[in-house]
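The values are calculated or read from the model by the stated rules, or taken from the named source; none is laboratory data. All of these numbers come straight from a predicted model, not from anything done at the bench. Heads up, the Cβs are rebuilt from the backbone with ideal geometry, glycines too, and the neighbour counts pull from every protein chain shown.
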Amino acid sequence: MTAVSAAALLMTACGPEEDGAGSAASPSGSTAGPTASSTGTPAPATPSGGTGASAKPAGKPASVAPGSSSTTAAPTVKACQGKSLKSFLYQADVRPEGTGIGAVIAEFTNMSAAACSVQGHPTVAGAPNGSPDKGRPLTVTPTGTASKVLLAPGGKAWVKVTFVQVQGEGDGYCVSGADPVTYPTLVVALPSGGAHQLALDDGALAECDDKATVTAVTATKPS
């Protein structure tokens, strides 16, 4: 046997060397298992019950500035009482075609020293002056979502009432054939804010069919 053949036989018999940790080196082409980085910094341990992010203390409910309104009412705020709300009625800018008033807006202002909330669709009735209990209820078609509205002291909320419009000149007429009805006042009763008898400064309220479309109380002034 030559010296070269003997050396080759010796290398084949020895096989792969073990590394310093005593484990065999991975054969060529095999997939190595996951290994810990020798240079990375270990991640800090997450406290029990945590999510890995810094926990923030629970904050207090957002306050509402005086004179403002919000639809994110805190659950601890009580409903507005009728005596704490100042109400006002005026013609709407957007009204159905016709010769009557057509649509009005009822505005409510929180006159108390504490925040309170209003919510829902009001009932509506036409009534003679000074006699809200003798009103003639109108059949209401509610529109809009009845979200809770938070009123800070001085804050405002609104409701829009749209009537079936009177047509023609003079006393007018109703498309349905019914006779138009005129009321000096309108009684708007909030679900938890009392009944408010309101009158326009510039005319009586005329309507047809004893029907009205009424929005939910809203923090956004309607047109």
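Note on the stretch 118-223: enclosed strands (runs of 3 or more DSSP E) holding 3 or more residues that are touching a strand residue (DSSP E or B) at 6+ places or on another chain (Cβ under 6 Å) and buried (at least 22 other Cβ atoms within 10 Å of the Cβ) are 123-127, 149-151, 156-164, 185-190, 205-215. Applying a threshold of 7 Å to beta carbon distances and a minimum spacing of six or more residues, or different chains, the list of pairs starting in the stretch 212-223 at a residue that is within 11 Å of Ala106 (Cα to Cα) and ending at one that is of a type in the set (D, E, K, R) and not in a loop (DSSP other than H, G, I, E, B) reads Thr215/Lys160; Pro222/Lys160.
Does the stretch 145-162 include one or more residues that are of a type in the set (S, T, N, Q), closer than 24 Å to Lys83 by Cα and at pLDDT below 95? The answer is yes; a qualifying residue exists.
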